Ligand code: KIV
Ligand code: ZN
């Protein structure tokens, strides 16, 4: 079997999903999980986009040892300098430079001739090669470019030293048979193509990203650019879990494999969902809550008789474990540390101590603590931004006859404060009171509640998206009481907005490519 190189761009294209920005600690944590998953390359960000992106890429480059760490750069000297500065300490650095090649981009966006585009591509690849021999070149909007021109650009880029050439379906316009044919054309008409790895990068605007990527690989491409949960610009990118499990499940048919440790897929999916606040749709292939649930009686009967009647993959293969070690009131520090280790968290003694206290508090409220509860604890405690606001006490009165009223005590920059307010419902009353006390004027863009785990005593996980001027922040909170979870999420979002205001350079730039 031939191996496909898995290039993960969750931290770059994935972060371009509306509202998906992550802070540095979250990005690093995710990069560590991606390394554990066994991806071959991690595109860590776009260093020229903002100081925040630069710092995050640098941090990841310094920590990750077993995977290529890739930095994106436009076809310009300044971008490439910045990219190299960020990844130069990586064990396996890769510069990824790109320029658009379609007529529509040349005419309206770049205002460049074809000759100028070839020159820019050659110069940028040559310049990148002065830093590293691991250079990728992408022809943005490649699938809508003139085929002969695309081959010319690739030929010139390879001649200049590109070791990977990537053909993106930037706007998700291609159809699988057409995309496969394009890949074959490029292979047949680019004389030096055998000197580089041919890569595909598909977007999901028509829901065809995975199909197009598979078609491209079957036509001879050997690198696939993907994201966890398929997050990414607009409708997203090819999802890693769909592609990898497609290759794995149908290996006899496709004849291609990957280096991915499939049992790390589900933990990676959970982590991405948690740090971005983008909930995985229940019917999402491979990692959705219903992906392995059998509802119809005939199906349940079949599965009980033989799983393979209605299951083409086993949940355990992707890391969905049914017999999980459940923690509770009597679990000690040792079991807690072991569980954190199993979930992939390597915490310092100080972090562990703080977290263990919170864990014990949660045990007083819930009988069983599941992995999902622990993940949320980690997210709340370890990834927490320095707090300007802290919730001390919340009492809410609501119901069919009462005017919803919230009484809140909190610390604002260390000082105790107390107030009460009304709203159209208990959450509205809580948010109104907190906004009044903190003097903040953010707009609530999104509010979602999820049950973290099943059962009547399940924790509710609330995610809010707040906007203040140009800044958008995500806030998360979890608690068995969903109004308290809402208050925690709202305060977490406000703290993140404050953090962004204090560190404008670390704030992700909303208008990148
Ligand atoms: O979709 C795209 O064209 C990209 C390139 C920068 C590779 O993300
Ligand atoms: Zn893209």
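Structural remarks
- Residue count for segment 370-403 under the criterion of being within 31 Å of the chain's Cα centre (by Cα) and either farther than 18 Å from residue 462 by Cα or in a loop (DSSP other than H, G, I, E, B) (or both): the result is 8.
- Restricting attention to segment 15-41, the residues that are within 15 Å of ligand 1 (Cβ to nearest atom) and at pLDDT 95 or above total 1.
- Verdict on residue 259 being touching a residue at least 60 places away in the same chain (Cβ under 8 Å), within 30 Å of residue 188 (Cα to Cα) and assigned to a loop (DSSP other than H, G, I, E, B): yes
- For segment 230-255, the set of residues classified as more than 16 Å from the chain's Cα centre (by Cα), touching a residue at least 60 places away in the same chain (Cβ under 8 Å) and part of a loop (DSSP other than H, G, I, E, B) consists of 255 only.
- Condition met for residue 291 (surrounded by 14 or more Cβ atoms within 10 Å (Cβ to Cβ) and part of a loop (DSSP other than H, G, I, E, B)): yes
- For beta carbons closer than 9 Å, sequence separation of 6+ or different chains, a first residue in segment 9-36 that is on the phi > 0 side of the Ramachandran plot and a second that is away from ligand 1 (no atom under 16 Å from the Cβ) and part of a helix (DSSP H, G or I), the qualifying pairs are 19/276.
- Flag if residue 179 is within 22 Å of residue 132 (Cα to Cα) and surrounded by 18 or more Cβ atoms within 10 Å (Cβ to Cβ): no
The values are calculated or read from the model by the stated rules, or taken from the named source; none is laboratory data. No experiment lies behind these values; they were computed from the predicted model shown. Glycine also receives a Cβ, built like all others from the backbone with ideal geometry; neighbour counts cover every protein chain displayed.
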